[in-house]
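Novice: Starting off with a structure, shown below.
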Amino acid sequence: MDIRELVENILTKAESALQGVHDSQELENLRVRFMGKSGDFTALLRAMGSVSPEERPRVGQMINTARAAIQSRFIETARQLSLIEREHALALETLDVTEPRHTRTLGGVHPITRVLNEITECFTGMGFEVVEGPEAELDLYNFELLNLPRNHPARDAQDTFYIDDNIVLRTHTSPVQARTMLQRKPPIRIICPGRVYRADEADASHSPVFHQMEGLVVDEDVSMADLRGTLDAFARALYGDGVVTRFRPSFFPFTEPSAEVDLTCVTCRGKGCRVCKGTGWIEVLGCGMVNPKVLSLCGIDPSVYSGFAFGIGLDRLCMQRFGIHDVRQLFEGDMRLLSQFR
Ligand code: DAH
């Protein structure tokens, strides 16, 4: 076979191989096969040795022309392949911009937390410090140190969930008073917000879990007047001037004397409405002077120190504030209610 024929042969083979190429890897394999060191063209150039010197320039030129032709076919094929491959990649990465997106809506502060935060701010502004205690509480702190010994009839009003004989779900935030007095020396000025529990059947005004904010001040010469002044300041800070407190005598084993405190009904400003059941007052807290017996039980000398304490019921305040008529709604996590507090 003469060289011209060999060249034609290679050109035809290369062309048909190029036609069948699918991707750049295959193309590279072909390039090596035809143009590489041990490829067909290199073999051809080696065969030049057997060509007579007169023929060499002509044959050489022929081979070079053929080589250049193939080279440009390779370049062209490479360009086509890269276009196709790019198109393919783009098709794979297609984004449907009309597809509905997964939205994450910003949540809001629960109405109870709002009221709790506001009241906290009011008392911290008066120099109170926030102290928290456990919800699963020792009977010792929840009852005994607060002058509610075992079998004391006042325990009946605070029936709760027992974890064992000594641990209960706390029935009020008052045990944090005992914990704090045992740990610190006066002056003590604290508030203790949190969840509390009672074995109550749930209805529109009862829930087995609810919220309180305890307050405790112990120092020298603390009087009932300080208690009144503090609670009046609280009422005004929260609801504005014109809202006043009303003290009614009451009983709590841990305070002596004790009082229940009402605030002017904020809905009707004292005129009487559905919210306050026509009385013009809303009952919001229990309070009193810390029983000297409790001070002693908690390691504080009642002949030197006196104190006052209060326990605010947060749920009722919250319901009144936001016009919520059923306490259960505060605990159900119903988005129809909660989304109004974004
Ligand atoms: N712990 C009482 C309750 O849950 C409320 C209370 C009354 C707290 C008088 C006090 C207080 O600190 O002095 O019913």
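Novice: Tell me, how many Å apart are the Cα centres for the range 2-18 and for the range 275-321?
Specialist: Each part reduced to its Cα centre gives a spacing of 105 Å.
Novice: If you fit an axis through the alpha-carbon atoms of helix 111-125 and take the longest principal axis of the Cα set of the chain, what angle between them do you get, 0 to 90°, nearest 10?
Specialist: 60 degrees
Novice: With all protein chains present, how much of the accessible area of the chain (probe radius 1.4 Å) comes from carbon and sulfur, to the nearest whole percent?
Specialist: The C+S portion of the solvent-accessible surface of the chain is 52 percent.
Novice: Now, a different point. What are the residues whose amide H is under 5 Å from the amide H of T160, where those residues sit 5 or more places off or on another chain and H is modelled from the backbone?
Specialist: Long-range HN contacts for T160: A199.
Novice: What net charge do the residues around G127 carry, taking every other residue with its C-beta under 14 Å from that of G127, with Lys and Arg at +1 and Asp and Glu at -1?
Specialist: On the way: positive: R189; negative: E121, E129, D219, D226.
Spelling it out: positives minus negatives among the neighbours equals -3.
Novice: Just add up the charged neighbours of V196: K/R +1, D/E -1, any other residue whose Cβ is under 13 Å from the Cβ of V196.
Specialist: That works out to -4.
Novice: Next question. How large is ³J(HN,Hα) for each residue in the range 209-219, as worked out from phi by the Karplus curve 6.51 cos²θ - 1.76 cosθ + 1.60 (θ = phi - 60°), to whole Hz, x for Gly and Pro?
Specialist: 10, 8, 10, 9, 10, 8, x, 8, 10, 10, 6
Novice: What aspartates and glutamates sit close enough to K37 to cross-link, taking a C-alpha to C-alpha distance under 16 Å and skipping anything fewer than 8 places away on the same chain?
Specialist: The qualifying aspartates and glutamates are E28.
Novice: Still on this structure, I have one more. What list of ³J(HN,Hα) values in whole Hz, one per residue of the range 249-261 in order, does the Karplus curve 6.51 cos²θ - 1.76 cosθ + 1.60 (θ = phi - 60°) give from phi, with Gly and Pro shown as x?
Specialist: For the range 249-261, the Karplus-derived couplings read x, 8, 9, 9, x, 9, 10, 7, x, 10, 8, 9, 10 Hz, x marking Gly and Pro.
Novice: Using the alpha-carbon centroid of each, what span in Å lies between the range 225-271 and the range 19-33?
Specialist: 91 Å
Novice: What net charge is computed for the residues neighbouring E87, neighbours being all others with C-beta under 15 Å from the C-beta of E87, Lys and Arg scored +1, Asp and Glu -1?
Specialist: Details: positive: R79, R86; negative: D23, E85, E93.
Net of charged neighbours comes to -1.
Novice: What does the helix-only formula give at 222 nm for the chain: each DSSP H stretch with n ≥ 4 adding -39500 (n - 2.57), the total divided by the residues, and the result rounded to the nearest 500 deg cm²/dmol? Present the calculation step by step, with values, prior to reporting the outcome.
Specialist: On the way: 11 runs with 137 residues, N = 342.
Taking each H run of at least 4 residues, the total per residue is -12500 deg cm²/dmol.
Novice: Considering only protein heavy atoms, what per residue accessible area in square angstrom results for the range 1-146 with a 1.4 angstrom probe?
Specialist: Accessible area per residue: 68 Å².
Novice: What residues qualify as long-range amide H neighbours of T171, i.e. H under 5 Å apart, gap of 5 or more or another chain, H built at 1.01 Å from N?
Specialist: Those qualifying (amide H under 5 Å, at least 5 residues apart or on another chain) are Y197.
Novice: Taking θ = phi - 60°, what integer Hz values does the Karplus form 6.51 cos²θ - 1.76 cosθ + 1.60 yield along the range 313-326, in sequence order, with x for Gly and Pro?
Specialist: Karplus-based 3J(HN,Hα) across the range 313-326 equals x, 7, 5, 5, 4, 5, 4, 5, 4, 9, x, 9, 9, 10 Hz.
Novice: A further question follows. Give me, ordered by chain and number, the residues 5 or more places off N291 or on other chains with an amide H under 5 Å from its own placed amide H.
Specialist: It is T255, E256, by chain and number.
The values are calculated or read from the model by the stated rules, or taken from the named source; none is laboratory data. Quick caveat: nothing in here was measured; it's all calculated off a predicted structure. Virtual Cβ from ideal backbone geometry, glycine too; neighbours counted across all protein chains shown. What goes into the accessible areas is simple: the full protein's heavy atoms, side chains included, and nothing from ligands, DNA or RNA. Shrake-Rupley method; radii C 1.70, N 1.55, O 1.52, S 1.80 Å.
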